[in-house]
Every structure is written in structure tokens, then in C-alpha cells.
Ligand SMILES: Cc1cc2nc3c(=O)[nH]c(=O)nc-3n(C[C@H](O)[C@H](O)[C@H](O)COP(=O)(O)OP(=O)(O)OC[C@H]3O[C@@H](n4cnc5c(N)ncnc54)[C@H](O)[C@@H]3O)c2cc1C
């Protein structure tokens with residue numbers, strides 16, 4: 001016969017909310033009477049059961065997996081291997097420090113030698129800066145895996161291995177490519193890309209105010225460049241400036257040890273805080289003709305660079321949303337409310353399924369975009385549509401992630417607020433949603449709505 005103190009001890013282990021739920025389904029007084037008549041060993045067994053022991057094995061929950069349609073299964077063995085290497089790197093080297101450096105508003109430079117060991121850029125470009133036959137798919141998967149853990153890291157990498165490298169690959173002479181491309185591939189020099197100005201963003205094509213003026217074999221650069229990623233520690237910045245003589249946009253490889261190179265880190269940024277964005281000021285900055293990009297004689301070349309790298313930015317949205325989804329599912333499987341994991345609730349499942357559908361739609365769209373790019377069939381409007389869709393869908397997805405996390409969703413330690421804030425940068429750079437929408441609108445209607 002159960003002793004009163006045994007029963008009290010048993011009762012103290014009970015979750016009263018769960019008990020109330022049980023009471024609505026069974027005859028609780030009869031159950032309690034039966035419990036009171038249990039002998040000691042029966043009581044022990046019951047206690048074990050209530051503690052989650054007994055013969056019942058805890059159900060193994062599915063691991064969060066943001067690749068629901070098995071995009072990885074469409075990759076070649078080499079591409080899969082690259083994906084695995086990047087995932088391992090991001091999870092072991094970047095994930096543990098991402099929040100700390102995001103808070104410090106600083107890029108962790110100690111990652112650069114580790115990036116060098118990974119030797120990733122050579123998986124995308126050859127020694128002359130030409131794209132490998134599956135460059136876009138590889139670049140996409142690499143970008144997705146980076147952004148899945150930390151968008152700042154993907155941006156650092158994209159500015160260097162995309163915008164800076166492609167400017168020289170498309171705009172440089174053979175001699176310039178020989179000098180710079182191997183060092184860019186090695187990451188023994190770090191690059192940046194300076195197009196945007198304090199007063200000129202979307203209107204860069206016709207409105208650059210930074211000027212270049214030729215004096216013999218020297219060019220004189222004057223003006224400012226704003227938002228330039230990596231500019232505070234880069235070894236060179238590709239500067240785009242308008243020639244005062246022929247009014248055409250020209251590109252320059254500006255070495256940052258130039259005494260007239262002045263850069264201030266932009267303060268108060270609340271997205272991509274790990275990326276160091278600079279405000280560059282050039283006053284009478286002298287650059288030799290040998291550092292002018294010899295094939296970059298008008299803005300068409302600049303636009304070619306942006307077109308080549310836009311798909312990569314679309315993939316950033318994919319990775320960011322994927323990371324936010326996986327974090328949210330894990331949280332929902334572990335967070336208890338009302339005596340249950342919140343993943344039990346229909347409304348929470350609705351949020352998770354909505355997120356997964358977004359991620360899957362973005363992945364399949366971007367994979368096809370990259371296949372088109374690798375086949376030489378990608379047009380401006382293809383890249384712009386993917387950028388428009390992924391930036392907006394990523395924004396919607398990270399908002400759902402923050403919702404799944406409740407109040408914890410705004411604490412950095414749960415990560416999704418970092419994804420949430422970083423999405424705001426994706427939304428604006430490499431062409432805002434409006435500008436990319438106008439590109440697609442022009443292509444599908446035959447009417448240009450640009451003003
Ligand atoms: C975090 C971050 C990193 C960046 N990194 C770099 C970098 O490394 N190098 C670099 O060169 N630049 C960089 N940029 C700049 C980025 O490319 C610009 O922010 C972008 O081109 C938009 O320009 P803007 O911010 O001046 O906005 P604006 O051009 O001033 O646009 C403001 C608003 O007006 C809308 N708008 C403008 N024109 C039109 C139009 N014709 N029709 C309809 N709507 C219009 C825009 O869509 C937007 O909503 C970065 C920006 C950010 C935020």
C-alpha cells in the first residue's frame with residue numbers, strides 16, 4: 001500500500017498542466033485511487049515512467065535539413081565535396097565566432113589564412129581568371145553554404161572573389177591579369193570594389209561624380225566612394241571614375257598603400273556588421289596608367305561585372321533563409337510551452353512549412369539560374385528576377401524565423417536576428433529590388449520604365 005509521503009513525492013514530480021490535460025480524457029479520481037493502492041515496486045515503476053524512462057524509447061526527431069528537394073543530389077561528386085568542405089569550414093571556424101565579431105563590428109582577419117588553406121576560388125576560376133565550366137553552380141553552392149551560417153562571410157568572399165576579381169578578369173590586360181589573378185586566387189592580396197558614392201547609388205551608370213584626369217602616364221582621381229566592403233583592410237580597390245575628357249567610366253586598380261588613399265569605416269551599421277564597409281576619399285590621388293584597367297573603357301564593362309556576380313547575391317538570400325529555417329526548426333523541437341514542444345502546434349508547423357517552401361523555391365530557382373549562366377544563356381533579366389525574388393523571399397522567411405523564436409528571436413545567441421538584420425543589406429546591394437524589377441519589367445513588356 002502506498003504511503004502518503006510516497007504519493008506526495010510522486011505528485012511533486014507531476015506537471016500540473018499535463019495532469020489537467022489528462023483529467024479531461026480519463027477518470028482521474030479512479031486513477032488516483034489505483035495509485036494509492038500500488039505497492040512499493042509498482043510505485044517505483046510508475047515514477048520511472050513519469051520521468052520518461054520505462055520501456056518507451058524517446059522518439060528520435062528529424063534533423064533540420066534545409067535541402068528538402070535534395071539539391072545536393074543534383075551535384076557532381078566534386079561539387080558535393082566542395083559543399084562539404086565549405087560546410088565544415090563554416091561550422092567549425094565561423095559559427096563559433098560569428099556573433100562575437102558581428103557585435104564587435106569587425107571582420108575576423110584571422111580567417112584569411114584559413115580561407116587560403118581552403119583554396120576555394122580556384123574551384124571557380126582558372127589562373128587567367130576565366131570561369132570554369134560549372135563556375136556559377138559551384139559559386140552558388142559555396143555562397144549558399146557560407147550564408148547559411150553567416151552572410152557577412154559570404155559577402156567578404158563575394159566582394160573579393162566576385163566583384164574585385166571579375167573586374168580585373170574582364171577589364172584587365174593580359175599583363176594585369178598575370179600580375180593580379182594568381183594573388184587574388186591565393187588570397188595573398190584582398191580586393192574591394194568601389195562603385196557607389198555618397199550621392200550616387202542606383203544611378204551609377206550615368207551619374208558617377210568621382211573623376212579621373214590623365215596627365216602623361218599618370219591619372220589623377222578625385223571623389224568619394226561609399227559602402228565599399230573590405231575597404232578598411234584590402235590591398236587594392238577597383239575604383240570606377242568618370243574621365244573628364246571623354247566622359248566615359250574607367251576602372252583603376254588602386255593600391256591601398258597609395259598615400260592619397262583615405263578610408264573611414266562606416267559606423268552605426270546594423271546589418272552585415274562583420275563586413276567592414278568603408279567611405280573612401282580620394283583627393284588628387286595619383287595612379288599610374290599601368291594600373292588603369294586596359295579593357296574597361298566605358299560603363300558597359302562595369303555592368304558586365306555586376307551581371308556576372310548578381311547570381312551570387314541571389315544565392316546569399318538562399319543560404320540566409322536556409323540557415324534561419326534550420327535554426328527555427330531546431331528551436332521548435334526543443335522549446336517547451338504548455339507542456340509540449342512548440343513544434344507540436346499547428347500554427348508553428350505552418351510557419352516552418354512556409355519557411356521551407358520559400359527556401360526550396362529559392363534553391364530551385366537559383367540552381368537553374370546558375371545552370372543558365374554556366375551554359376552562357378543567362379540574360380540580365382534572369383539574374384535580376386532571381387535577385388528580386390530571393391531578396392524579398394529571404395526577408396519574409398527570416399521574419400518567420402524570428403516569429404518562431406518568440407522573444408528569444410531578438411537575442412543574438414539564437415542567431416536568427418543576425419540573419420534578419422543581414423537580409424536588409426542583401427535587399428539593397430547589387431541593385432535594389434526596384435532597379436532589378438525595372439530590368440525584368442523592361443524585358444518582359446518591351447517598355448523601359450526607367451526614369
Ligand atoms: C551593406 C552594403 C554593402 C555594400 N557594398 C558595396 C560595395 O562593396 N561596393 C559598392 O560599390 N557598393 C556597395 N554597396 C552599395 C549598394 O550597391 C547601393 O546601396 C545600391 O546600389 C543602392 O544605392 P543607394 O543605397 O544609394 O540607394 P538609392 O539609389 O538612393 O535608392 C533609394 C531608393 O530609391 C529607389 N530608386 C532609385 N532609383 C529608382 C528608379 N529609377 N526607379 C524606382 N526606384 C528607384 C531604390 O530602389 C531605393 O528604394 C553596398 C551597400 C550596402 C548597404
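The values are calculated or read from the model by the stated rules, or taken from the named source; none is laboratory data. None of the values given here were measured: they were computed from a predicted structure. Heads up, the Cβs are rebuilt from the backbone with ideal geometry, glycines too, and the neighbour counts pull from every protein chain shown.
Working carefully through the options 438, 372, 356, 347, find the one that is part of a helix (DSSP H, G or I), surrounded by fewer than 21 Cβ atoms within 10 Å (Cβ to Cβ) and touching a helix residue (DSSP H, G or I) at 6+ places or on another chain (Cβ under 7 Å).
372
Within the bounds of the range 384-407, is there any residue that is free of Cβ contacts under 8 Å to residues at least 12 places away in the same chain, more than 21 Å from residue 142 (Cα to Cα) and within 16 Å of the ligand (Cβ to nearest atom)?
Within the range 384-407 (the criterion being free of Cβ contacts under 8 Å to residues at least 12 places away in the same chain, more than 21 Å from residue 142 (Cα to Cα) and within 16 Å of the ligand (Cβ to nearest atom)), the answer is no, since none of the residues qualifies.
Name the residue that is modelled with the lowest pLDDT, counting only residues in the range 439-451 that are over 12 Å from residue 387 (Cβ atoms) and within 12 Å of the ligand (Cβ to nearest atom).
451
For the list (1) within 16 Å of the ligand (Cβ to nearest atom); (2) touching a residue at least 12 places away in the same chain (Cβ under 8 Å), I need the number of the one condition that residue 343 fails.
(1)
Would it be correct to say that residue 287 is more than 25 Å from the chain's Cα centre (by Cα) and in contact (Cβ under 8 Å) with a residue 60 or more places away in the chain?
For residue 287, the condition - more than 25 Å from the chain's Cα centre (by Cα) and in contact (Cβ under 8 Å) with a residue 60 or more places away in the chain - is met.
Here is a list: 134, 126, 186. Which entry is farther than 28 Å from residue 266 by Cα, away from the ligand (no atom under 14 Å from the Cβ), outside the structural domain of residue 421 (by TED's automatic domain parsing) and in contact (Cβ under 8 Å) with a residue 12 or more places away in the chain?
134
For the range 406-427, what are the residues that are buried (at least 23 other Cβ atoms within 10 Å of the Cβ) and either out of contact with any helix residue (DSSP H, G or I) (no Cβ under 8 Å at 6 or more places or on another chain) or not in a helix (DSSP H, G or I) (or both)?
Scanning the range 406-427 gives a single hit, 415.
Would you mention how many residues in the range 257-268 are under 27 Å from the mean Cα position of the chain (by Cα) and within 12 Å of residue 228 (Cβ to Cβ)?
Qualifying residue count, the range 257-268: 4.
What single numbered condition from (1) at negative phi; (2) more than 10 Å from the ligand (Cβ to nearest atom); (3) surrounded by fewer than 23 Cβ atoms within 10 Å (Cβ to Cβ) fails to hold for residue 249?
Only one criterion is unmet by residue 249, namely (3).
Quick one: in the range 299-319, of everything that is more than 24 Å from the chain's Cα centre (by Cα) and surrounded by 14 or more Cβ atoms within 10 Å (Cβ to Cβ), which residue is farthest from residue 366 (Cα to Cα)?
Ranking the candidates gives 299 first.
Of all the residues that make up the range 441-451, how many are part of a helix (DSSP H, G or I) and closer than 24 Å to residue 201 by Cβ?
Summing the residues that are part of a helix (DSSP H, G or I) and closer than 24 Å to residue 201 by Cβ in the range 441-451 gives 3.
Could you tell me whether any residue of the range 69-86 is modelled with pLDDT of 95 or more, more than 21 Å from residue 124 (Cβ to Cβ) and not in a helix (DSSP H, G or I)?
Yes; the residues of the range 69-86 include at least one that is modelled with pLDDT of 95 or more, more than 21 Å from residue 124 (Cβ to Cβ) and not in a helix (DSSP H, G or I).
When you scan the range 320-331, do you find a residue that is touching a strand residue (DSSP E or B) at 6+ places or on another chain (Cβ under 8 Å), at pLDDT 95 or above and surrounded by fewer than 24 Cβ atoms within 10 Å (Cβ to Cβ), even just one?
Checked the range 320-331: no residue is touching a strand residue (DSSP E or B) at 6+ places or on another chain (Cβ under 8 Å), at pLDDT 95 or above and surrounded by fewer than 24 Cβ atoms within 10 Å (Cβ to Cβ).
As an exercise: evaluate residue 380 against (1) surrounded by fewer than 22 Cβ atoms within 10 Å (Cβ to Cβ); (2) touching a helix residue (DSSP H, G or I) at 6+ places or on another chain (Cβ under 8 Å); (3) modelled with pLDDT under 95 and give the number of the one condition it does not meet.
Only one criterion is unmet by residue 380, namely (3).
Filter the range 207-233 down to the residues that are assigned to a strand (DSSP E or B) and either modelled with pLDDT under 95 or on the phi > 0 side of the Ramachandran plot (or both) and list them by number.
223, 227
Report those helices (runs of 4 or more DSSP H) wholly inside the range 95-199 carrying at least 3 residues which are buried (at least 23 other Cβ atoms within 10 Å of the Cβ).
Those helices (runs of 4 or more DSSP H) span 135-149, 151-158, 165-171.
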